[in-house]
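Worksheet: the structure to be examined is printed underneath.
The values are calculated or read from the model by the stated rules, or taken from the named source; none is laboratory data. Worth saying up front: this structure is predicted, and the values here are computed from it rather than measured. Neighbour counts run over all protein chains shown; Cβ positions are idealised from the backbone, glycine included.
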Amino acid sequence: MAACIARDGRRVLTALLLLGAAAPALAGPLPLVPAPASVVAGSASFTVRDGTAIATAHGDAAAEAAARILITHVRTERGLALSQTSGAAPITLVRDAAIAGDEAYRLTVTATGIRIAASGDRGLLYGAMTLAQLLSPDRAFGKPVKVDAVTIEDAPRFAWRGLMIDTTRHFITLEAIRTIVDQMASVKLNTLHLHLTDDQGWRFEVKRYPKLTDVGAWRTPPSSGGTPGARVGGFYTQDELKQLVAYAAERGITIVPEVDLPGHAQALVAAYPELGVLGDRPEVSPDWGINPYLLNPGPKGVEFVKNVLDELTAVFPGTYIHLGGDEAVKDQWERSPEVQAQIKALGLKNENQLQSWLIEQFGNYLASKGRRLIGWDEILEGGVPASASVMSWRGEKGAIEAANLGHDVVLSPAPTLYLDSLQSDRGDEPPGRIIIQSLESVYRYDPMPAGIAGDKAKHVLGAQANAWSEYLVTPYQVQHAMFPRAAALAEINWSPKDKRDFGGFLERVGPQIERWKRSGLEVADSAFAVDFKVQGSRGDALRANKALIALSTQAPHGTIRYTLDGKEPTARSKAYKGPLSLVPGVTVRAAAFDRAGNALAAVRSFDTGRAALLTRTASELTGCPSGALWLRLPLTADATANGPAYNVNVFDTCSVYPAAPVDVASGFTIEVARLPRNFGLAHDTGKVRRHYNVTPHGELIVTAGCPVSGDDKAAKPTPLGTFPLPDPATAPARFRVTGTLPKLEGDRDLCFQFTSPISDPLYAVERATLTETAR
Ligand code: ACM
């Protein structure tokens, strides 16, 4: 009976009435993310106001830290100044050895005060974070808050509730990391995986090998971006990282450092070519993707890694050390007589077994220091050492296999838990991978894969989401990718499975988004922003001079309200009931509002003017002939400002303006952006579709109907123009071409094919506009 949450309050009430007792009920769901395991309503309430004090036992440093963090959150999120004392006070943080589990807590609100009890440090902190959420249930600021009496008993479902920051592809400052740490704690995430080394940068100071950071932490931006001679990068000193470790620990967060090997080693080989395989002296890579450089698996490579681990473990005290293992194409090992001799001498069959042998050396070394190795699921390929844990990213298969073999596993499957996946197809999303993973997709993921045997379920440590940073450059972009999906991640990791409810989550995440915004965080509103769709073809709308515009939001939440008079929509504006029939020319402005009348997202607008209906922007284009555009890229790979983004397919630089109403148009304007082509494609290089150029820098070929590859001869493209591309060394990165249209019938797909050499650069259509025939 006690284990009922508020959302099921009616069930509790019914049961108690059947027993002949009157039970108190909460007015509605508590504004808590993640949802707690158990909530039981009490009677009465307690009001917290400016000056209300929090008592902690004298000398209980963790309780004092939890109180301090609570005070900071409440000041920022509610505008109330609480205080801390070791005397008596209405809010108390107390130890209770009877509460089992370091992260478990009980929070009790009565008429006389609020008591948070836990046996462990994290339990006290999580009780405090729950209280911070109870004290900011709405958007009121600086006002006392009445908290209804309640008893919350709470503990997590999973022990590893993680986020990964990729510090390598783009360096991120410690200040930006601390901001994320603060807000991880607010939703009870407890593991921060720092990806510290990769082809594009080595970020961890190693005193014994200074060139790792003198050389390996810096790279030259790719050809089309940055200033010639510029360097981008950075690294963290050991002292700085120790401070970060302590800061995170105070917030209940363990940092798991990753040194990625034997692949993703180009920055290491750039710094110390002798630790590579074939004697090459590469630069630190400016290319995303998969590069060929591998760690030397011989004695000098093994000794190097052990020396690095000595320094790494002295900085990071947590149990787990991540040693990568992903995407190591083995070409260099295959080509090296020394490595082949090593494979033979060790009695191994192939390069995958050599990788496993290496992992075993390091796993044993870490075990000798009382630590544990974790690696990406490729470490399973040649047989994984018994002590290793596995982080499954290529779907769940690795986790299922490893857990069933008795290894601990963390679920981090791409693309669902890859936060560089865009969260909507909106034209205002910042860069990322165009494989949409919405707030709902993350929420619906369950970290317990079906294929894991019941008795092996204990090996599932939890789930982690990864913010790979090839396309996440600014702190704004990193935060936008992480929040609010981090709230969904927190709930799937923390809350009991039977308490999961997406509708309820959407109600509860609203206040959390507000808290995050008050903390200065960039929080994506993609799930709640209004989308506009022209129903039927745009051509039909233009021909009939009547457009039917449908409004929707990605997440089914709130009421959409709109205006047609240019004013900002408010909670009193007209509610959207169905598609709007409009004469082209009107601008629709809309936002979704919650029951309390708060806008759930920034207002979005849609111009139904004829010129706008004849225009398609990058995010409205598709691939050729019918493929996906799969990356959304910034203009320069290392852009430090938030700017426009362009959808491309790096395997075929061709895109389509679908169903263009060519019959009403007499010309076209195409705005083009030139981007760096900085992709290491390894064994996929041959998949790039080459279109032969006739002028030195290639051409943009525009056709009505798309030329098709292979044996599909169905489409018969009509040539509309061939435009030589300018010299990338001298021409601006954005330019436009214009052309005239012959008389064509109805709607046709307009195809934009670039024939520039495939080495560099990469072109994208930013915007294509048809010019209307005079009517
Ligand atoms: C990975 O995404 N290469 C782990």
Just one listed residue, out of A541, A555, is of a type outside the set (D, E) and either on the phi > 0 side of the Ramachandran plot or part of a loop (DSSP other than H, G, I, E, B) (or both), and it is A555
Over the stretch 367-379, the set of residues crowded, with 23+ Cβ neighbours inside 10 Å and outside any strand (DSSP E or B) is D377, I379
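Looking at A592, A601, A575 in this structure, which one is among the hydrophobic types (A, V, I, L, M, F, W, C), under 30 Å from A140 (Cβ atoms) and either modelled with pLDDT under 95 or in contact with an Asp or Glu (Cβ under 9 Å, 6 or more places away or on another chain) (or both)? Explain how you work it out, then say what you get.
Values: A592 fails: either modelled with pLDDT under 95 or in contact with an Asp or Glu (Cβ under 9 Å, 6 or more places away or on another chain) (or both); A575 fails: either modelled with pLDDT under 95 or in contact with an Asp or Glu (Cβ under 9 Å, 6 or more places away or on another chain) (or both).
The match here is A601.
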Review point. Can you spot a residue in the stretch 282-294 that is away from the ligand (no atom under 16 Å from the Cβ), of a type in the set (G, A, S) and under 30 Å from the mean Cα position of the chain (by Cα)?
Key: no
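Residues that are out of contact with any Gly (no Cβ under 8 Å at 6 or more places or on another chain), among the aliphatic types (A, V, I, L, M) and either at pLDDT 95 or above or part of a loop (DSSP other than H, G, I, E, B) (or both): does the stretch 332-343 have at least one? Write out each step before concluding.
The initial filter retains those residues of the stretch 332-343 that are out of contact with any Gly (no Cβ under 8 Å at 6 or more places or on another chain), namely 333-337, 340-341, 343.
Restricting the remaining residues to those that are among the aliphatic types (A, V, I, L, M) gives 341, 343.
Now restrict to residues that are either at pLDDT 95 or above or part of a loop (DSSP other than H, G, I, E, B) (or both): 341, 343.
Yes, the conditions are met somewhere in the stretch 332-343.
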Exactly one of G536, G520, G510, G504 is more than 22 Å from the chain's Cα centre (by Cα) and either surrounded by 22 or more Cβ atoms within 10 Å (Cβ to Cβ) or farther than 30 Å from V583 by Cβ (or both), and that one is G504
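Would you point out the residue of the stretch 332-352, among those that are in contact (Cβ under 8 Å) with a residue 40 or more places away in the chain and among the charged types (D, E, K, R), that is farthest from the ligand (Cβ to nearest atom)? So that I can check it myself, show each step before the final result.
So the first thing to find is which residues in the stretch 332-352 are in contact (Cβ under 8 Å) with a residue 40 or more places away in the chain, and the list is 332-333, 335-336, 338-339, 342.
Next cut, among the charged types (D, E, K, R) only: 335, 338.
Working: R335: 23, E338: 27 Å.
So, considering only residues that are in contact (Cβ under 8 Å) with a residue 40 or more places away in the chain and among the charged types (D, E, K, R), the one farthest from the ligand (Cβ to nearest atom) is E338.
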Check on S666, among the hydroxyl-bearing types (S, T, Y), surrounded by fewer than 17 Cβ atoms within 10 Å (Cβ to Cβ) and within 27 Å of A611 (Cβ to Cβ): yes
- [ ] Might you check whether a residue that is within 16 Å of the ligand (Cβ to nearest atom), within 28 Å of the chain's Cα centre (by Cα), assigned to a loop (DSSP other than H, G, I, E, B) and buried (at least 23 other Cβ atoms within 10 Å of the Cβ) occurs anywhere in the stretch 316-327?
- [x] yes
When (1) out of contact with any Ser or Thr (no Cβ under 8 Å at 6 or more places or on another chain); (2) in contact (Cβ under 8 Å) with a residue 60 or more places away in the chain; (3) surrounded by fewer than 23 Cβ atoms within 10 Å (Cβ to Cβ) are applied to G263, the one that fails is (3)
Discussion item. Quick check on the stretch 478-499. Is at least one of its residues over 19 Å from the mean Cα position of the chain (by Cα), at pLDDT 95 or above and of a type in the set (S, T, Y)?
Written reply: yes
Filtering the stretch 49-90 for residues that are surrounded by fewer than 20 Cβ atoms within 10 Å (Cβ to Cβ) and in a loop (DSSP other than H, G, I, E, B) leaves a count of 14
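Out of all the residues in the stretch 464-479, which are touching a Phe, Trp or Tyr at 6+ places or on another chain (Cβ under 7 Å) and either in a strand (DSSP E or B) or under 28 Å from E401 (Cα atoms) (or both)?
At the first step, the residues of the stretch 464-479 found to be touching a Phe, Trp or Tyr at 6+ places or on another chain (Cβ under 7 Å) are 464, 466, 468, 470.
Listed by number, the residues that qualify are Q464, N466, W468.
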Checklist line | Flag for L489 being more than 16 Å from the ligand (Cβ to nearest atom), of a type outside the set (V, I, T) and touching a strand residue (DSSP E or B) at 6+ places or on another chain (Cβ under 6 Å) | finding: yes
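Kindly indicate which of G406, G382, G395 is part of a loop (DSSP other than H, G, I, E, B), surrounded by fewer than 24 Cβ atoms within 10 Å (Cβ to Cβ) and within 15 Å of the ligand (Cβ to nearest atom).
G395
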In the stretch 91-137, anything farther than 21 Å from T47 by Cα, small (G, A, S) and surrounded by fewer than 22 Cβ atoms within 10 Å (Cβ to Cβ) is listed as A97, A98, A100, G101, A104, S119, G120
### Message
Among the residues that make up the stretch 413-426, is at least one of them more than 16 Å from the ligand (Cβ to nearest atom) and closer than 20 Å to R157 by Cβ?
### Response
no
Residues in the stretch 633-671 that are over 32 Å from the mean Cα position of the chain (by Cα) and acidic (D, E) total 1
The residue that is farthest from A774 (Cα to Cα), considering only those in the stretch 531-564 that are at pLDDT 95 or above and of a type in the set (S, T, N, Q), is T559
Whether any residue in the stretch 439-460 is within 16 Å of the ligand (Cβ to nearest atom), under 30 Å from P556 (Cβ atoms) and either at pLDDT 95 or above or not aliphatic (A, V, I, L, M) (or both) is what I want to check.
no
